[in-house]
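In what follows, a single structure is set out as structure tokens and then discussed.
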Amino acid sequence: MAFQTKQDHVAEILRERIISGIYARGEKLKQADIAAELGVSITPVREALQMLEAEGYVKGLAHKGVLVPELVDVCSKEILDLRLILEKELTQHAIRNMTKADLITIQQIQKQLNEAIQQNDINAVRTGNYRFHFKLYELAQCSMTLKFVRVLWAQYPFTSQDKTSSRPDAMRIEHQKILDELAAGNEAGAVQAMLDHIKSGWQQLNLDQ
């Protein structure tokens, strides 16, 4: 596992909370409250929020802290196209670097995600989906590409897909397909399964709008 500074650790927690909807769009985030909850000083929280502002996860307000920005009503297809290109690249590199222990870790994340789907815990489902993807992508060891993908995810309205109950079940099936291909060592199959998964989410998003 790559070394994480305190600010990196805090930033990752906040990304998950924003993607999952634990922090609502338009919600103001207070540094002191986050620091107290996570048991860290204000400094790594402030630095983490600066990182997230650069990525688009939060928006700074002059002398008033930061908030989680509202999303635009329509998700540009350009975001989808960029996700397909960059996440394909990350998936390819991740597969080549993956160990048996890495695969087990991702399988465990999926197991937790499946449990969240069964319990209809939407926040946990979104968090599990985020962890599934980025645990895999981190294995690629392509830090700049990973940074760009994080920026794209900040602009992608995942929460809109909760308007129907079918998406979590489809996600479970699609993730399992990716895992099956990874376990079989089938790079081409795993990459295609990932691309199909991303496209499926986009199609569901547009059906829901």
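Each reported figure results from applying straightforward, stated rules to the coordinates on display, with no laboratory input. Everything quoted here is computed from the prediction, not taken from an experiment. Glycine gets a Cβ as well: all are built from the backbone with ideal geometry, and neighbour counts include every protein chain shown.
Rounded, prolate or oblate: which one fits the stretch 6-67, using the alpha carbon gyration tensor with axes a ≥ b ≥ c (rounded when a/c is under 1.5, else prolate when a/b beats b/c, else oblate)? Taking the square roots of the gyration eigenvalues as a ≥ b ≥ c, the stretch 6-67 is rounded. Under the shape rule built on the C-alpha gyration tensor, where the axes satisfy a ≥ b ≥ c, the stretch 77-208 is oblate, since a/c reaches at least 1.5 while a/b does not exceed b/c. Spin-label model, Leu84 to Gln118: label points 7 Å out along the Cα-to-beta-carbon direction sit 3.5 nm apart. The GluC sites (Glu not before Pro) of the stretch 70-115 meeting both criteria, a DSSP state outside H, G, I, E and B (loop) and at most 15 other C-beta atoms within 10 angstrom of the site's C-beta, are Glu70. Bridgeable lysines around Lys135 (alpha carbons under 27 Å apart, same-chain partners fewer than 8 residues away excluded): Lys6, Lys59, Lys77, Lys88, Lys100, Lys111, Lys147, Lys163, Lys177, Lys199.
Local charge for Leu84 was computed over the other residues whose Cβ lies under 14 Å away, with Lys and Arg +1 and Asp and Glu -1, and equals -1. Projected onto their three principal axes, the Cα atoms of the stretch 168-209 cover extents of 37, 17, 6 Å, largest first. Take the Cβ atoms of Ala183 and Glu37, set R0 to 35 Å, and the FRET efficiency comes out at 0.40. When the P(r) of the stretch 9-134 is calculated, the portion above 19 Å amounts to 60% of the C-alpha pairs.
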